[in-house]
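Student: One structure, pasted below without further comment.
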Amino acid sequence: MSGLFIVLEGPDGSGKSTQIDLLKNYLEKNGQECLITREPGGTRIGEGIRDMLLNPEFMEMSDETEMLLYAASRAQLIHDVIGPALDAGKVVISDRFVYSSMVYQGIARGLGIDTVEAINAPGIGQYRPDCVFFIDIPEEEGIRRKKQQKQLDRLEQESIDFHHLVSEGYRTVLRGREEVIEIDGCQTVDAIQQMIRDAIGKYL
């Protein structure tokens, strides 16, 4: 029995976490067994990697190291969590997946999309999202929201030019993919959630 793999993607501050919580509640009320996870992290090893990746004290981290650490965290997440859950027929909702690495490291860091895909392929294996919700917002709005929430992490502290590359990178990487549903992140929380629920309906 195969489960349903849902991914939410978007620039920092796009509201993914809020939408994931709302979607989980909705699906569970409709009898679906849901598992929520995030990248980087989601496992004991992955959370340790997350601490390194997002720590502002490690601003000297090379782009290549960053790429490889994200891939390592993702591989462990597939092995320990996502793969077994999907094989058991559960609904998995992930806050980010390999698309983020294609954008952040492949485009914004300039390492190349093909390189990122090749590095991640062994860890991902057969597991591919059934649908990806791309919540698109202007980079200035995303950073404004983040500054209201908390102290910015290592990636959030990057320049506005970097975040512009991220925003444009998402549009380059995700537009035109059959599994991707693009959503205007400047709409209300309720409007975005309704669009997500409407789209999910055909998979259930």
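Student: I'm trying to understand the selection: among the residues of region 78-119, which are more than 24 Å from SER17 (Cα to Cα) and either among the acidic types (Asp, Glu) or in a helix (DSSP H, G or I) (or both)?
Tutor: ASP87, ILE113, ASP114, THR115, VAL116, GLU117, ALA118, ILE119 - these are the residues of region 78-119 that are more than 24 Å from SER17 (Cα to Cα) and either among the acidic types (Asp, Glu) or in a helix (DSSP H, G or I) (or both).
Student: Still on this model: Look at ILE36 and say whether it is touching a strand residue (DSSP E or B) at 6+ places or on another chain (Cβ under 7 Å), of a type outside the set (D, E, K, R) and farther than 15 Å from TYR127 by Cβ. Break it down into steps so the answer makes sense when it comes.
Tutor: Working: touching a strand residue (DSSP E or B) at 6+ places or on another chain (Cβ under 7 Å): yes; of a type outside the set (D, E, K, R): yes; farther than 15 Å from TYR127 by Cβ: yes.
Yes.
Student: Within region 155-162, does at least one residue satisfy the condition of being closer than 21 Å to GLY110 by Cα, part of a loop (DSSP other than H, G, I, E, B), in contact with a Leu (Cβ under 9 Å, 6 or more places away or on another chain) and in contact (Cβ under 8 Å) with a residue 60 or more places away in the chain?
Tutor: Checked against the condition, which is being closer than 21 Å to GLY110 by Cα, part of a loop (DSSP other than H, G, I, E, B), in contact with a Leu (Cβ under 9 Å, 6 or more places away or on another chain) and in contact (Cβ under 8 Å) with a residue 60 or more places away in the chain, region 155-162 yields at least one hit.
Student: For region 1-17, which positions are modelled with pLDDT under 95 and either of a type in the set (A, V, I, L, M, F, W, C) or out of contact with any Asp or Glu (no Cβ under 9 Å at 6 or more places or on another chain) (or both)?
Tutor: Listed by number, the residues that qualify are MET1, GLY15.
Student: Six or more apart or on different chains, Cβ atoms under 8 Å: show the pairs whose first residue is in region 15-40 and farther than 29 Å from ALA72 by Cα and hydroxyl-bearing (Ser, Thr, Tyr) and whose second is at pLDDT 95 or above and open to solvent by less than 50 Å² (accessible area, probe 1.4 Å).
Tutor: What qualifies is TYR26/GLN193.
Student: Against the conditions (1) more than 15 Å from the chain's Cα centre (by Cα); (2) over 23 Å from GLU178 (Cβ atoms); (3) surrounded by fewer than 20 Cβ atoms within 10 Å (Cβ to Cβ); (4) in contact (Cβ under 8 Å) with a residue 12 or more places away in the chain, where does PRO84 fall short? Just the number, please.
Tutor: Going through the list (1) more than 15 Å from the chain's Cα centre (by Cα); (2) over 23 Å from GLU178 (Cβ atoms); (3) surrounded by fewer than 20 Cβ atoms within 10 Å (Cβ to Cβ); (4) in contact (Cβ under 8 Å) with a residue 12 or more places away in the chain, PRO84 breaks only (4).
Student: While we're here: Among the residues of region 177-203, how many are in a loop (DSSP other than H, G, I, E, B) and among the hydrophobic types (A, V, I, L, M, F, W, C)? Walk me through how you get there before you give the answer.
Tutor: Narrowing region 177-203 to residues in a loop (DSSP other than H, G, I, E, B): 177-179, 185-188.
From what's left, among the hydrophobic types (A, V, I, L, M, F, W, C): 186.
Here the count works out to 1.
Student: For ILE135, which of the numbered conditions (1) under 15 Å from the mean Cα position of the chain (by Cα); (2) open to solvent by less than 20 Å² (accessible area, probe 1.4 Å); (3) under 14 Å from ALA108 (Cα atoms) fails to hold?
Tutor: The one condition ILE135 does not meet is (3).
Student: Now for a separate question. Going by what's in this entry, would GLU60 be described as at negative phi, surrounded by 13 or more Cβ atoms within 10 Å (Cβ to Cβ) and modelled with pLDDT of 95 or more? Break it down into steps so the answer makes sense when it comes.
Tutor: On the way: at negative phi: yes; surrounded by 13 or more Cβ atoms within 10 Å (Cβ to Cβ): no; modelled with pLDDT of 95 or more: yes.
Considered against the rule, which asks whether it is at negative phi, surrounded by 13 or more Cβ atoms within 10 Å (Cβ to Cβ) and modelled with pLDDT of 95 or more, GLU60 comes out as no.
Student: Looking only at region 1-57, count how many residues are buried (at least 17 other Cβ atoms within 10 Å of the Cβ) and among the hydroxyl-bearing types (Ser, Thr, Tyr).
Tutor: Looking only at that region, the number is 3.
Student: Another question, if that's okay. Could you tell me whether ILE135 is within 22 Å of GLU66 (Cβ to Cβ) and in contact (Cβ under 8 Å) with a residue 40 or more places away in the chain?
Tutor: Details: within 22 Å of GLU66 (Cβ to Cβ): no; in contact (Cβ under 8 Å) with a residue 40 or more places away in the chain: yes.
When the stated conditions are applied, ILE135 does not pass them.
Student: Still on this model: With the condition kept exactly as written, say whether any residue in region 88-101 is in contact with a Pro (Cβ under 8 Å, 6 or more places away or on another chain) and polar (S, T, N, Q).
Tutor: yes
Student: Only one of GLY185, GLY123 is crowded, with 19+ Cβ neighbours inside 10 Å, under 17 Å from the mean Cα position of the chain (by Cα) and either more than 14 Å from TYR104 (Cα to Cα) or at pLDDT 95 or above (or both); which?
Tutor: Numbers: GLY123 fails: crowded, with 19+ Cβ neighbours inside 10 Å.
Result of the check over GLY185, GLY123: GLY185.
The values are calculated or read from the model by the stated rules, or taken from the named source; none is laboratory data. Because the structure is predicted, anything quoted here is derived from the model rather than measured. Positions of Cβ are generated from backbone atoms using ideal geometry, with glycine treated the same way; all protein chains shown enter the neighbour counts. The protein model used for the area step is the full one, side chains on, heavy atoms only, and it has no ligands, DNA or RNA in it. Shrake-Rupley method; radii C 1.70, N 1.55, O 1.52, S 1.80 Å.
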